[in-house]
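See below for the structure under consideration.
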Amino acid sequence: MMSNTPKLQLHIPTPPGRPGDEPTFDHLEIPPAGTVRRPDMSAPEADLRDLPYGLIRVLDDAGRAVGPWNPNLSADRLRAGLRAMLLTRTFDERLFRLHRQGKTSFYMKSEGEEAIGACQSMVLGRDDMAFPTYRMVSWLMARDYPLVDLVNQIFSNAQDPLKGRQLPILYSARQYGFYSLSGNVGSRFGAAVGWAMASAFKGDDKIAIGYIGEGTTAEGDFHEALTFASVYRAPVILCVTNNQWAISSFSGIAGAETTTFAAKALAYGLPGLRVDGNDFLAIWAATEWAAERARSNRGATLIELFTYRAGGHSTSDDPSKYRPAGEAAKWPLGDPVERLKQHLVALGEWDETRHQALQAELTEAVRAAVKEGEAVGCLGKSKPSVREMFEGVFKEPDWRLIEQRRELGI
Amino acid sequence: MPTMNMIQALNSALDVMLTEDPDTLIFGEDVGYFGGVFRVTEGLQRKHGLTRCFDAPISEGGIVATAIGMGAYGLRPIVEIQFADYILPAYDQLVSEAARLRYRSNGEFFAPITVRAPYGGGIFGGQTHSQSPEAIFAHITGLKTVIPSNPYDAKGLLIAAIEDDDPVIFLEPKRIYNGPFDGRYDQLLKVWAGEPGAEVPEGRYTVPLGKAALVRKGADVTVIAYGTMVHVAQAGIAESGVDAELIDLRSIVPLDIETIVASVRKTGRCVILHEASRFGGFGGELSALIQERCFYHLKSPIERVAGWDTPYPHAFEWDYFPGPKRLAAALIRTLEA
Ligand SMILES: Cc1ncc(C[n+]2csc(CCOP(=O)(O)OP(=O)(O)O)c2C)c(N)n1
């Protein structure tokens, strides 16, 4: 049976470090800020094929905005972005602690990724629709969604806007351009394309933006969405939030050993932008570029937002069990909040005193919202009427639901 | 004999199989270095090597498709779907490929794969970490579906599933991974140590697929359950004071029809208990089979106690979960009927 051909070997990717190892990002090539060219958004896809392998960055190490992608934002906009990001972080920290105290069943933070939702929420219009992942609460923060409604949802209490039917943080907020979340990853990516196609079908001017984690690009949903977006030239922005970890699996398990996530666009004939996801200005510029493209009937863009999941996956895991300690601190693209703050300070538009005052204000706002939610009740202490369990299955409950509700005596 | 919880028993089964059969391998989301989100594969990569237990991309369809190809080649892949709720992207692979490969190729190819998935509620996991999808597999001929209710059975059934030449869906009731749970959520948490079924041999043994366990003998009514509900049934029977016989199916396909029929012919009454929602649930099939085979022995209508026909709602965990009170009420009803 044996021949002279070499024995085949099964390749299993392994990350550069695990607990006990020195964290390193030496394997990554991070080009300096300002070096990626900015083609006109009307350029044909064939002229854009270098972009998926670059990294669009605007903020340099000194916090200056450099290069062709600088969106030249007003200081007010920058401060609004900083506020939304800082609010997200403050809220996350507080609610994560409340989970530890047993006040709810589950929580997920977006630590290190706050720039993405905050920025894109500001770039897109009120009539556009986001199809978010669970790490996108900063989208809502940038639109002043009431904090107490988030808290009530997280507590599944009597005031929960989703009537206790959904796991904490899987919000839905149509008025805020925020499509209903679900626990299964990836399965809304195609709906973003469908939403955008519907807008085109109706001759409207709305666009959609869809999100998927880098780990979830392995699902068929990702590839199906890209196919439809490409075929029908859908006015949609499709984003991969590459935070490099999918629970305990490094991005090599999703294919990052040999290519970039932005480069997945190439075979679908779509433009792919690879962007520093911790750089508020770079995200702004790239999103604006893709949005203009979509609004001018030039179709979809895939954007990879390169970032780092600074915290654990959720309240259910301990990242020190699978990542080298101190990896977050070594991440070369830093912290998005700190970088935007540094930029504002460098512009002379911000200082430590104002920052402390903002932090104090946001801490107080979160504290007040939590207090209000706790007054209604945390998980197990208050819940919507049990009737709500049977509502919303269909528009009108059928006989089964009516009989079952009666069986419970309600 | 060592005491194990269900996680340790499953881990031991996998360890035994990786040791004894070089053609076995494990993959799935987070199962490699980390050992799985419920730690069932903990330590297996370290002990058996990278290619025997490794992480898979987040693609349930891909995981099952790949396992089928490996199985057809001659390996015995054991894959983990992180939650049974997430098995749906793999449903086409299971239904159209795994279940039919042997039939359509006249046995040239077959898929001796085992697909493990934690399932069921009672953990405040909300809509997508609580479901019980066994009926959608039972409906597909060519698939076997196994559900253990204690550590001893878990290990023996898993080894039997891995050694089986047909595709097996192995659903693990996650609520009883660490200890039995009888639905009385306001009581202290139990651990497996000291409970029946917690003594687990270290080495290889099997519990055959398709053999139900008679958990409790009784004269007046037969209760049929599987998974977590076996424990709920015990509490419900105790609460009702009814002299009920309790059958733990252990596998729903193959189904131990003889044990069921013998019991119902004896008792003349039957209550079926499952967590999955009621309409189109596996209880419907059981009820039809019993009616077909025991009609003249039945003294009252067969009852089904099940989850409501709604998605699994987060805030209403215990309103949804079919607990011992609902079973007790059904038992009393059947006796009075
Ligand atoms: C369909 C499906 N499969 C598996 C899971 C379990 N799961 C939840 S989050 C997650 C990791 C997702 O990683 P990624 O897409 O990179 O997003 P991130 O959490 O890093 O933001 C997995 C596997 C799920 N929720 N849905």
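The values are calculated or read from the model by the stated rules, or taken from the named source; none is laboratory data. Only a predicted model underlies this, so the values are computations on that prediction, with no experimental measurement involved. With ideal geometry, Cβ positions are generated from the backbone for all residues, glycine too; neighbour counts draw on all protein chains shown.
Yes/no per residue for (1) touching a helix residue (DSSP H, G or I) at 6+ places or on another chain (Cβ under 6 Å); (2) closer than 24 Å to B:Gln131 by Cβ; (3) within 11 Å of another protein chain (Cβ to nearest Cβ):
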{"residue": "B:Phe54", "(1), (2), (3)": "no, no, yes"}
{"residue": "B:Ile58", "(1), (2), (3)": "yes, yes, yes"}
{"residue": "B:Val64", "(1), (2), (3)": "yes, yes, no"}
{"residue": "B:Gly71", "(1), (2), (3)": "no, no, no"}
{"residue": "B:Ala84", "(1), (2), (3)": "no, yes, no"}
{"residue": "B:Pro89", "(1), (2), (3)": "yes, yes, yes"}
{"residue": "B:Asp92", "(1), (2), (3)": "no, yes, yes"}
{"residue": "B:Ala99", "(1), (2), (3)": "no, yes, no"}
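Just need a number here: residues in the range A:215-227 that are out of contact with any Pro (no Cβ under 6 Å at 6 or more places or on another chain), part of a helix (DSSP H, G or I) and surrounded by 21 or more Cβ atoms within 10 Å (Cβ to Cβ).
Residues that pass the stated criteria total 7.
All but one of (1) within 14 Å of chain A (Cβ to nearest Cβ); (2) in contact with a Leu (Cβ under 8 Å, 6 or more places away or on another chain) hold for B:Arg175; which doesn't?
Single failed check for B:Arg175: (2).
Only residues that are of a type in the set (A, V, I, L, M, F, W, C) and within 16 Å of the ligand (Cβ to nearest atom): list them for the range A:243-274, please.
Within the range A:243-274, A:Trp245, A:Ala246, A:Ile247, A:Phe250, A:Ile253, A:Ala254, A:Ala256, A:Phe261, A:Ala262 meet the criteria.
Given (1) over 15 Å from the mean Cα position of the chain (by Cα); (2) more than 16 Å from the ligand (Cβ to nearest atom), identify the lone condition not met by A:Met141.
(1)
Please pick out the residue among A:Glu304, A:Glu327 that is at pLDDT below 95 and crowded, with 21+ Cβ neighbours inside 10 Å.
A:Glu327
Just checking, how many residues over the range A:102-122 are more than 12 Å from the ligand (Cβ to nearest atom), out of contact with any strand residue (DSSP E or B) (no Cβ under 9 Å at 6 or more places or on another chain) and either more than 21 Å from A:Asn152 (Cα to Cα) or more than 14 Å from chain B (Cβ to nearest Cβ) (or both)?
Within the range A:102-122, residues that are more than 12 Å from the ligand (Cβ to nearest atom), out of contact with any strand residue (DSSP E or B) (no Cβ under 9 Å at 6 or more places or on another chain) and either more than 21 Å from A:Asn152 (Cα to Cα) or more than 14 Å from chain B (Cβ to nearest Cβ) (or both) number 4.
Within the range A:176-203, can you find the residues that are closer than 16 Å to A:Leu124 by Cα and within 16 Å of the ligand (Cβ to nearest atom)?
Within the range A:176-203, A:Ala192 is the sole residue that qualifies.
Output the qualifying pairs, or none if there are none: Cβ atoms under 7 angstrom, residues six or more apart or on different chains, first residue in the range A:111-138 and at pLDDT 95 or above and part of a loop (DSSP other than H, G, I, E, B), second residue away from the ligand (no atom under 15 Å from the Cβ) and among the β-branched types (Val, Ile, Thr).
Short answer, once both residue conditions are applied: A:Leu124/A:Ile209; A:Asp128/A:Ile207; A:Asp128/A:Ile209.
Taking the condition away from every other protein chain (no Cβ under 14 Å) and more than 16 Å from the ligand (Cβ to nearest atom), does A:Arg135 pass?
So A:Arg135 does not fit the description; no.
Pull up the range A:204-214, narrow it to residues that are buried (at least 23 other Cβ atoms within 10 Å of the Cβ) and not small (Gly, Ala, Ser), then point me to the one that is farthest from the ligand (Cβ to nearest atom).
A:Ile207
Collect the residues in the range A:302-344 that are under 30 Å from A:Glu224 (Cα atoms) and β-branched (Val, Ile, Thr), keeping them in residue-number order.
Scanning the range A:302-344 gives A:Ile303, A:Thr307.
Being at pLDDT 95 or above, under 30 Å from A:Ser382 (Cβ atoms), exposed (fewer than 14 other Cβ atoms within 10 Å of the Cβ) and over 16 Å from the mean Cα position of the chain (by Cα) is true for just one of A:Arg100, A:Arg37, A:Arg49. Which residue is that?
A:Arg100
Condition test on B:Val232, is it β-branched (Val, Ile, Thr), part of a loop (DSSP other than H, G, I, E, B), modelled with pLDDT of 95 or more and under 24 Å from B:Tyr119 (Cβ atoms)?
For B:Val232, the condition - β-branched (Val, Ile, Thr), part of a loop (DSSP other than H, G, I, E, B), modelled with pLDDT of 95 or more and under 24 Å from B:Tyr119 (Cβ atoms) - is not met.
Quick one: which helices (runs of 4 or more DSSP H) sit completely within the range B:1-111 and have at least 1 residues that are at pLDDT 95 or above and within 16 Å of the ligand (Cβ to nearest atom)?
It comes to B:60-73.
Output the residues belonging to the range A:245-269 that are in a loop (DSSP other than H, G, I, E, B), away from chain B (no Cβ under 13 Å), surrounded by fewer than 21 Cβ atoms within 10 Å (Cβ to Cβ) and aliphatic (A, V, I, L, M).
Residue satisfying the conditions is A:Ala263 alone.
Would you please name the residue that is surrounded by the fewest Cβ atoms within 10 Å (Cβ to Cβ), looking only at residues in the range A:352-410 that are acidic (Asp, Glu) and assigned to a loop (DSSP other than H, G, I, E, B)?
A:Glu396
Among the numbered conditions (1) surrounded by fewer than 20 Cβ atoms within 10 Å (Cβ to Cβ); (2) part of a loop (DSSP other than H, G, I, E, B), tell me where A:Arg79 comes up short.
(2)
Can you name every residue in the range A:159-214 that is hydrophobic (A, V, I, L, M, F, W, C), more than 12 Å from every other protein chain (Cβ to nearest Cβ) and either out of contact with any Pro (no Cβ under 9 Å at 6 or more places or on another chain) or assigned to a loop (DSSP other than H, G, I, E, B) (or both)?
Those that are hydrophobic (A, V, I, L, M, F, W, C), more than 12 Å from every other protein chain (Cβ to nearest Cβ) and either out of contact with any Pro (no Cβ under 9 Å at 6 or more places or on another chain) or assigned to a loop (DSSP other than H, G, I, E, B) (or both): A:Phe189, A:Ala191, A:Ala192, A:Val193, A:Trp195, A:Ala198, A:Phe201, A:Ile207.
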